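Notes to accompany the following structure.
Each reported figure results from applying straightforward, stated rules to the coordinates on display, with no laboratory input. If you're wondering where the values come from, they're calculated on a predicted model, not measured in any experiment. Ideal geometry is used to build each Cβ from the backbone, glycine not excepted, and the neighbour counts take in all protein chains shown.
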Amino acid sequence: MATFAYPTSSSILTLRKTLTNNPFPPKTLIHLPLTSTRFPKLPPPSTTPLKTLLSPRSAAATAAAAAPQTLKSRLNDGDTLYGLFLLSFSPTLAEIAGLAGYDFVVVDMEHGHGGVSDALPCLHALAATSTPAILRLPESNPTWAKKALDLGPQGIMFPMIDSPKLARKAVSYCRFPPKGVRGSAHTVVRASNYGIDAGYLSNYEDELLIMCQVESEEAVKKIEEIAAVDGVDCIQMGPLDLSASMGYLWDPGNKKVREVMRSAEKAVLKTAGGSSRGGAFLAGFAMPHDSPDDMRGRGYHMVSGAVDVGLFRSAAVEDVKKFKMSLMAGSEDDDEDGRGRGKDGDEKYWSE
């Protein structure tokens, strides 16, 4: 076992004498040559005040300059936009939709199960993919509009707008006094980046897309007047509710329904959305009897081609159908072990 020896007084005295003497005689000192080192010339200090450099507004302005165009500006530029309706309120599906490349996603509070609190995580997911969100209200009233607008969507959709009067009311729900009746909390809500965006009040009218749904036989008779209301940017056609109001709930592709739809579409196009005279763009849903390409050819500038729940339903039904058909076909594709994995094997669930 190792032992530790404490120093004695004599050994300490010897150590002191050693340290007192110079252990490095002059002849052993090392003399290093002195050299000059050139450092790069530093730029002059910034004359920008520190307060400006640290200003949240300057950061917001930089982000705004790099931000993509809004839906409204793209429509005014003549783009045709393709989107998806989100009824599941799943942030994961919202994110996938954005990554897939849809131009916009409508978070549907009218027919989906969720409300404003459920919509917010979907807006977060869409924002992460730089995909504009539109909120469809469950009812056209100032309370729903106020809560939806405070979340900061790029667009808002009002259902069941049957007259110019209702369209003017919808627009007023989106404007602060004196132009409208929208309640103000712009200093703290998400729409203004929680008050960081000091230019919100100056820009929100130019950036917000206001959409009015025309979806009844009564409404299509006044559709040109509705589209001409100042502040209405888009007329969203509602083929299912329109067919129901005409007595063809189970037959939205009926010839009479299609004739009314074509007449209504032409009336909206007369208003020349995006022109200096005002007017509205034409928006709508693709149907089995009315493809996105057909709609684009008739002058639609916004086409919603699918619903998230419908896409998943179709994929799930087809997947089960394929499996059950393979059972009926027998075990021709069974592997040598007889376990029936099929020729796709385990790759199916990772590749499809």
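A few points about this structure:
- Residue-count net charge about GLU218 - beta-carbon cut-off 15 Å; Lys, Arg +1, Asp, Glu -1: -3
- With R₀ set to 30 Å, the beta-carbon distance separating ALA315 from ARG168 gives a calculated FRET efficiency near 0.10.
- In this structure the amide hydrogen of LEU81, modeled in the peptide plane, comes within under 5 Å of the amide hydrogens of MET302, VAL303, none closer than 5 places in sequence on its chain.
- Listed peptides 321-330, 122-131 appear in the order 122-131, 321-330 once ranked by packing, highest mean of other Cβ atoms within 10 Å at the front.
- Distance violations [Cα-Cα > 31 Å] among LYS72/LYS221; LYS179/LYS255; LYS72/LYS165; LYS179/LYS270; LYS72/LYS147; LYS72/LYS266: LYS179/LYS255
- If only the Cβ of Lys and Arg carry +1 and only the Cβ of Asp and Glu carry -1, the dipole of segment 68-313 around its Cα centre is close to 520 debye.
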